[in-house]
Amino acid sequence: MTAAAAGSWKLGDLTVNRVGFGAMRLTTNAGGGPSDRDRAIAVLRKAVELGVNHIDTAAFYFSSTRSANELINRALSPYPDDLVITSKVWPGRDPSGEWWWATPAQLRGQVEENLRQLGRDHLDVVNLRLPPSVQTESLAEHFGVLAELRDAGLIRHLGVSNVRPGHLAEARAIAPVVCVQNPYGVGGASPEHRAFLEACGEQGVAFVPFFAIAGDGREAGASGTDNAEVLAVAGAHGVSPAQIRLAWTLQQGAHVLAIPGTGNPDHLADNVAAGALRLSDEEMARLNAVEPGPARQP
């Protein structure tokens, strides 16, 4: 089973299989300590062997001894011609791990840091990731800087993340937008969120959910238990709840991409295999009706 089973989508002129890979979990193990370097590298190489050609990463994905970008560089460089690497800017972390948010003038430095770590002369896609504090404010100044960097050849395509419909419209008035990255998953798909997902498809913009598996766990990851409806559908198919969550995500629309992350090679194979799962209309309706549970702290 390969990632091609889920079909493909074009990010601008770049064709990607709809099951990709998120690099966030490469840098730490399940206990929160540094990941095993060789295992992380093996997972990345196995992902490409399984047909994954879309990797989502960021310079701020790092632990005390691991950097997701540098692991990607070590594992996959020289990069396959069809591999698309997506990164994101605006958030940053200092060496101690403390978060900071870039000014427009600092965005070029964040882009160049991604380039240096990945060993590339341009980034395929860069998402402008909005902080929660500006959810009702303009992104124009920051996005305008990225548009300039795109014109300069440092970035090929642009996306936006953690945004509302008005932000997407504002960004598209400045430069083409190929993707939206927003939280979305079983139990977290309100009518408003679903309408935005559908509107992205109508505009030819990919919708790339994060926390599709983790759900309410968010950065903490998926919990050891799951919703009864998810468990029931998983049992009927003989697969894991995570695979059902991914299958549900992919059936939201042909423009919806999945970027599940893991440092476990077995979980990687399961995630890719989920791209071939097909849920019935009745199963989709049951999962659509799942309500969000209490959020867990990371």
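The values are calculated or read from the model by the stated rules, or taken from the named source; none is laboratory data. These figures come from a predicted structure and were not determined experimentally. Because the Cβ atoms are built from the backbone with ideal geometry, glycine has one as well, and the counts that use them run over all protein chains shown. Surface accessibility is based on the protein's heavy atoms, side chains included, excluding ligands, DNA and RNA. Shrake-Rupley method; radii C 1.70, N 1.55, O 1.52, S 1.80 Å.
What dipole magnitude, in Debye to the nearest 20, does the chain give about its Cα centre under +1 on Lys/Arg Cβ and -1 on Asp/Glu Cβ?
400 debye
Could you give me the radius of gyration and the Dmax of region 132-204, taking only the C-alpha atoms into account and expressing both in angstrom?
For region 132-204, the Cα-based Rg and Dmax read 13.0, 41 Å.
Looking only at Cα atoms, what is the convex hull volume of region 84-171 per residue, in Å³? Show your work: numbers first, answer last.
On the way: hull volume 8.3 nm³, N = 88.
Measuring per residue, one finds 95 Å³ for the Cα hull of region 84-171.
Lys/Arg Cβ at +1, Asp/Glu Cβ at -1, dipole of the chain taken about the Cα centre: which of A105, A23, A242 is farthest positive-ward?
Ranked along the dipole, the leading option is A23.
Using only the C-alpha atoms of the chain, find the volume of their convex hull and express it per residue in Å³.
Each residue corresponds to 124 Å³ of Cα convex hull volume.
Projected onto the charge dipole of the chain (+1 at Lys/Arg Cβ, -1 at Asp/Glu Cβ, origin at the Cα centre), which of N114, L11, H167 gives the Cα projection farthest towards the positive end?
It is N114.
So what is the accessible area of region 1-142 per residue, in Å², with the probe set to 1.4 Å? Intermediate values should be presented prior to the final figure.
Working: 6300 Å² over 142 residues.
Dividing the accessible area of region 1-142 by its residue count gives 44 Å².
If you restrict to DSSP beta bridges whose two residues both lie in the chain, what percentage is antiparallel, to the nearest 5?
Of those bridges, close to 25 percent are antiparallel.
As an exercise, identify the GluC sites (Glu not before Pro) in region 17-106 lying in DSSP coil whose Cβ has no more than 16 other Cβ atoms within 10 Å.
Passing both the DSSP loop test and the Cβ count: E98.
Using only the C-alpha atoms of region 1-126, find the volume of their convex hull and express it per residue in Å³.
Roughly 112 Å³ of hull volume per residue.
I'd like to know which of A42, P78, T65 lies farthest towards the positive end of the charge dipole of region 37-89, counting +1 on Cβ of Lys and Arg and -1 on Cβ of Asp and Glu.
Toward the positive end, the furthest listed residue is T65.
Using a basic spin-label model with each label point 7 Å from the Cα along Cα→Cβ, how many nm lie between S280 and A173?
So the label points at S280 and A173 sit 4.8 nm apart.
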